[in-house]
Structure formats: C-alpha cells, structure tokens
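Contents: one structure, followed by commentary.
The values are calculated or read from the model by the stated rules, or taken from the named source; none is laboratory data. Small disclaimer: the values here were computed from a predicted structure and weren't measured. No Cβ is skipped: glycine too gets one built from the backbone with ideal geometry, and neighbour counts run over all protein chains shown.
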Amino acid sequence: MTQSFPIRLHRFRLSGHSHRVELMLSLLRLPVEIIDVPPGGQKSEAFLAMNRFGQVPVIEDDGYVLADANAILVYLATRYDPSRRWYPADAQGAAEAQRWLSVAAGPLFSGPAVARLVGLFDAKHDLARAHATAAAVLSTMDAHLAEAGPFFVGQSPTIADVALYSYTAHAPEGHVSLAPYPALRAWIERIEALDGFVPMVRSAPKFGGPAA
Ligand SMILES: N[C@@H](CCC(=O)N[C@@H](CS)C(=O)NCC(=O)O)C(=O)O
C-alpha cells in the first residue's frame, strides 16, 4: 500500500524506542512528519490523550493513533509491506520475530537501554545490575547471530532486527563495550548498510562508568 500523506511520529531525539520507529518508517520509505516532544510534554493532557502511559513514541496515521515501539513496527510492516518481507506471515517466521521483540522489550531494555539512561541522563538505576543484564543479553544475541545469522530471523532483515538495533548499537553510551561481540558488530554494520537506514544521534556518556 502506498502512502501520500505523512505519518506523524511523536518522539524524543535521543530515544532508542523512537529511533526504532523512525528507522522502520525510513526502511519502508514512508513519508514522515517528526514531532519532537519537549521535555515533560509526554505527560501533558494532550499527549496523555494519545498514550495514557505518557511515553514516546506515538504515531498518528490518518487519524489512527498508536503507541509502543514494537506495536508500531508490527502495524507498519503489516499495513505497508504486503510482501511481508519485514514481518514474516508464516507461523514460524512470525513467532520468531515476536520472540526477538520480547528480547527488545525485556533484557535489551533493562540492560543496555537502562545503562544508557544512566550514562546520558544520570538516571537513578543500578548500573552494575544493568551491566550484568547487558552482558547476558548481548552475548546471547551474539551467539544466535554467529550460529543462525546473518539476521535475527534468517536471511533477510525483519522487524526483529529493527527492534533490536538502536539500543544494541548505542550500548557504548551506557559504558557497555561491543568489543566482545564480533557477530553483533558485523550485524550492526549490515543494518547500517541497508537502503533507507537512518542513524540516531551518537552521544558520549557523561555519567557512571564502565562495568567493573
Ligand atoms: N513500551 C514503550 C516504552 C517507551 C519508553 O520507554 N519511552 C521513553 C523514552 S525511550 C519515555 O517516553 N520516557 C519518558 C517517561 O516515561 O516519562 C515502547 O516500547 O514504546
């Protein structure tokens, strides 16, 4: 299906959840209008009317409002990629993609993303615990790619890769080195070489320190 009017993306510039959606929109070549939510704006009455959880990202697509990064990936790939290259339609492919969406929402968040919240924003989280979770999830992801790559679900990129990319590639912003994970580093290069790839701005960590 083609799209002539832009899909509105409400985001924070440094939000990996938001970048995940921006990347999907770009890979699908969908026109987008980016709305940078000001600090605290996600708790305004107008924003809460779009997402009761008061978080970015949120999209508006021809009057349809949807929050939650992974839900948005499912929606965009189902609606705008009839080939189902990005979100496999077969039972096993769909289930495997979902499995990695759960990793993106689970340990990839509580590990690398939480460590990044500390590194960039001095968020009051347990950095040592986030680093331990990051090491466990990144080594599992690395082993999976080494055995079953080049992408998380088979031979071509899917929403699983889009969901996992931002917080993996930006893990060093939470003092998480990617040096021990060669398969992950090669995968990051493959994602960044995709037609339509858009980067998230890189930041240097200002708070916290490397894992002991
Ligand atoms: N489950 C949500 C999580 C989104 C999320 O954590 N958003 C953060 C930015 S990365 C946010 O809006 N934080 C501000 C807040 O919670 O007030 C999703 O996948 O979209």
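Summary table below
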quantity	calculated
The stretch 76-102 - residue that is within 16 Å of the ligand (Cβ to nearest atom) and buried (at least 19 other Cβ atoms within 10 Å of the Cβ) and, of those, nearest to Phe5 (Cα to Cα)	Leu76
Which numbered condition Leu14 fails, given (1) within 12 Å of the ligand (Cβ to nearest atom); (2) of a type in the set (A, V, I, L, M); (3) surrounded by fewer than 19 Cβ atoms within 10 Å (Cβ to Cβ); (4) in a helix (DSSP H, G or I)	(4)
Selection status of Val176, assigned to a loop (DSSP other than H, G, I, E, B) and either among the basic types (Lys, Arg) or within 19 Å of Ala134 (Cβ to Cβ) (or both)	yes
Every residue from the stretch 17-50 that is in a loop (DSSP other than H, G, I, E, B) and either touching a Ser or Thr at 6+ places or on another chain (Cβ under 6 Å) or of a type in the set (Gly, Ala, Ser) (or both)	Gly40, Ser44
Considering residues of the stretch 17-44 that are within 8 Å of the ligand (Cβ to nearest atom) and of a type in the set (S, T, N, Q) only, the residue farthest from Ala171 (Cα to Cα)	Gln42
Residues that are more than 7 Å from the ligand (Cβ to nearest atom), in contact with a His (Cβ under 9 Å, 6 or more places away or on another chain) and not charged (D, E, K, R), drawn from the stretch 45-62	Phe47, Met50, Asn51, Val58, Ile59
Meets criteria (in contact (Cβ under 8 Å) with a residue 40 or more places away in the chain and aromatic (Phe, Trp, Tyr)) for Phe151	no
Subset tally (residues that are near the ligand (Cβ under 9 Å from one of its atoms) and out of contact with any Leu (no Cβ under 7 Å at 6 or more places or on another chain)) for the stretch 63-75	4
Tabulated pairs, the stretch 7-26, first closer than 17 Å to Arg202 by Cβ, second modelled with pLDDT under 95 and within 12 Å of the ligand (Cβ to nearest atom), C-beta under 6 angstrom, 6+ apart or interchain	none
Qualifying residue in the stretch 87-96 (condition: closer than 30 Å to Arg52 by Cβ and either assigned to a helix (DSSP H, G or I) or at pLDDT below 95 (or both))	yes
Condition broken by Ile191, with the remaining ones in (1) more than 16 Å from the ligand (Cβ to nearest atom); (2) surrounded by 23 or more Cβ atoms within 10 Å (Cβ to Cβ); (3) β-branched (Val, Ile, Thr) satisfied	(2)
Residue match in the stretch 124-143 (condition: touching a residue at least 24 places away in the same chain (Cβ under 8 Å), of a type in the set (A, V, I, L, M), over 18 Å from Pro205 (Cβ atoms) and surrounded by 16 or more Cβ atoms within 10 Å (Cβ to Cβ))	yes
Those residues of the stretch 96-112 which are of a type in the set (Gly, Ala, Ser) and within 16 Å of Asp161 (Cβ to Cβ), in sequence order	Ala97, Ser102, Ala104, Ala105
Subset of the stretch 103-122 (residues that are within 14 Å of Arg20 (Cβ to Cβ) and surrounded by fewer than 18 Cβ atoms within 10 Å (Cβ to Cβ))	Ala105
